[in-house]
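Let me begin by presenting the structure, written as structure tokens, before commenting on it.
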Amino acid sequence: MKKKLIGALLVAAMTVTTLAGCGGTKDNTPAAGSDAGEKTDSSTEAASNEETADGDETLTVWCWDPTFNVYAMQQAEAMYQKDHPNFKLDIQEKVYTDIEQSLITAAEAGNYDTLPDIFLMQDNSFSKNATNYPELFTDLTDSGIDFDQFSGGKLADSTVDGAHYGIPFDNGATIMAIRSDMVEKAGLTVEDFKDTTWSEFMDLAKKVVDANGVPMLTSSGGSEIVIEMLQSAGASPMVDGKVNLVDNAALKEAISVYKELIETGIMIDYTDWDQYIASMNDGKAAGVIQGCWIMSSIQAAEDQSGKWAIVNMPKLDDISGATNYANCGGASWAVSSNCKNTDLAFDFLNSTFGTSVELYDELLPNAGVIASYLPAGESEAYNATSDFYGGQAVYKDIVEFAGKVPGINYGAYYNDIRSALTDAITNVVQNGADIDEEIQNAQDTVEFNISE
């Protein structure tokens, strides 16, 4: 995930102290059907009892990015220690690819002893891993966490067969960031771009393009914005375990919109990420539709302070259930099946990331973490206005957006679906291929991959 920090202030990486492993009084409670919960031999029980007698309250954590995820865990630890002075975290910094590979290796070997108590997983691979390797996870459904207080769009990524396996961390709500000065040059206002349909947006955008001589939108990755359109309509690409691309009206409309955006010059799509970022900073585009983490890249152009604003994305025309809201990116915390003190892990996560507005208020300015925990949007910190965005209370608005994101289902096949749609979009735009034929090709490709 192209994770970018969102806040203007970045906190220097803090040194992680190595501490003892997990201890506790409660046996593992892994996902339903898992064999991991059967590891209750006498040596394990003796070790657990000894740790309890010693008063050990240590949990191990795997996560990445010292100024973002690691920092957030360190602050959560400090907060929990106020009421639990013996509590400690052994935070082990690992790049995400190493975390995922370690999890898969443990699952395929049937040996979970190497796993930490808590780990962070990218949302776009959460469902895949929880579906393919449920024995890695502890079911959080009855952990005491109130999942209704989180973005439904985020929760869908870590929910399998109605069971919750993750607690959402950072916010990936989709925003449309636009240059207010370029919009005004076209005789329009930022308000004109709120709550639009794609056809309404394109009518407005053409005026901005004509007035400024640059595309209204910049993008990167092709299928990413199409997937955001798909989610905004709540149109799952998987239904009842079957691929749902053909006869998916929202998908056909999304590809049609993408094609028109490119052909009319309203949007330019860069294959190079650096060029994509530069197009915002150098004034080569009047806006961008992306996960809210893109804000830090926008804010790198300090000379543009006061010239940007944030609104919700357009919604698909004539599609039942279409909304102006989607999600792109983010991660969620999971409790592994190897955690021997699930009560402690549950209480720690619930007391911090699950309920603490105070924690999210601290993380917002100091690490750029925008909460997926919806009550945080009501706090003073989230209602503070931003000079860069023309005095707008952008963080309050983003949390509000997150609360309206429809959940969609990729099953275990997010990467397969995205890759197939990228090929389809490329053929439609660059080679003039028929949209229906390319959607059929995409479905055939995903179904073939599933059958292997």
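Okay, here's what the table says:
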quantity	calculated
Across Lys315/Lys404; Lys252/Lys284; Lys185/Lys284, pairs whose alpha-carbon gap is larger than 22 Å	Lys252/Lys284
Within the stretch 225-240: backbone nitrogen closer than 19 Å to the Ser451 label point (7 Å, Cα to C-beta)	238-240
Counting DSSP beta bridges with both ends in the stretch 136-283, the antiparallel % (nearest 5)	50 percent
Heavy-atom accessible surface of the stretch 127-208: percent carbon and sulfur, 1.4 Å	42 percent
Which of Thr422, Ala442, Ala412, positive extreme of dipole for the stretch 333-445 (C-beta unit charges)	Ala412
Among Leu136, Thr385, Cys292 - extreme Cα towards positive end, dipole of the chain, charges at beta-carbon	Thr385
DSSP bridge pairs, the chain: antiparallel proportion in percent, nearest 5	65 percent
Using a Förster distance of 22 Å, the FRET efficiency for Lys284-Thr426 (Cβ separation, nearest 0.05)	0.50
Whole-number Å³ per residue for the convex hull built on Cα positions in the stretch 355-399	60 Å³
Equivalent ellipsoid, the chain (semi-axes from 5 times Cα gyration tensor eigenvalues, Å)	40, 27, 17
Dipole magnitude of the stretch 321-452 about its Cα centre (Cβ charges: Lys, Arg +1; Asp, Glu -1), debye to nearest 20	340 debye
The chain - percent relative contact order, Cα under 8 Å, separation 6 or more	26 percent
The stretch 215-288: relative contact order as a whole-number percent, Cα under 8 Å and 6+ apart	53 percent
Built amide H within the under 5 Å cut-off of Met238, gap 5+	Asn244, Asn409
Amide H within-cut-off set for Ser220, under 5 Å, with H built and near neighbours excluded	Tyr270
The chain - mean residue ellipticity at 222 nm from DSSP helices (-39,500 (n - 2.57) per run, n ≥ 4, rounded to 500)	-12000 deg cm²/dmol
The stretch 321-379: relative contact order in percent, alpha carbon pairs under 8 Å with at least 6 residues between	20 percent
Charge dipole (debye, nearest 20) of the stretch 115-238; +1 at Cβ of Lys and Arg, -1 at Cβ of Asp and Glu	520 debye
Net +/- balance of residues flanking Lys128 in space, Cβ distance below 13 Å, scoring K and R +1, D and E -1	-3
Farthest toward positive dipole pole in the chain [+1 Lys/Arg, -1 Asp/Glu at C-beta], among Thr114, Ala309, Pro365	Ala309
13 Å Cα-Cα reach of Lys396 towards aspartates and glutamates, excluding residues that sit fewer than 8 places from it in its own chain	Asp361, Glu378, Glu380
Computed magnitude of the charge dipole of the chain (debye, nearest 20; Cβ of K, R +1, Cβ of D, E -1)	1120 debye
Accessible carbon and sulfur surface of the stretch 267-418 relative to its total accessible area, %, 1.4 Å	43 percent
Potential lengthening between Thr97 and Asp113 on full extension [0.36 nm per residue; Cα-Cα distance subtracted]	3.8 nm
Heavy-atom surface of the chain, accessible at 1.4 Å and reported per residue (Å²)	39 Å²
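The values are calculated or read from the model by the stated rules, or taken from the named source; none is laboratory data. Quantities reported herein were computed from a predicted structural model and do not represent experimental measurements. Every residue, glycine among them, receives a Cβ derived from its backbone with ideal geometry; neighbour counts consider all protein chains shown. When the accessible area is computed, the model is the full protein with side chains, heavy atoms only, and any ligands, DNA or RNA have been set aside. Shrake-Rupley method; radii C 1.70, N 1.55, O 1.52, S 1.80 Å.
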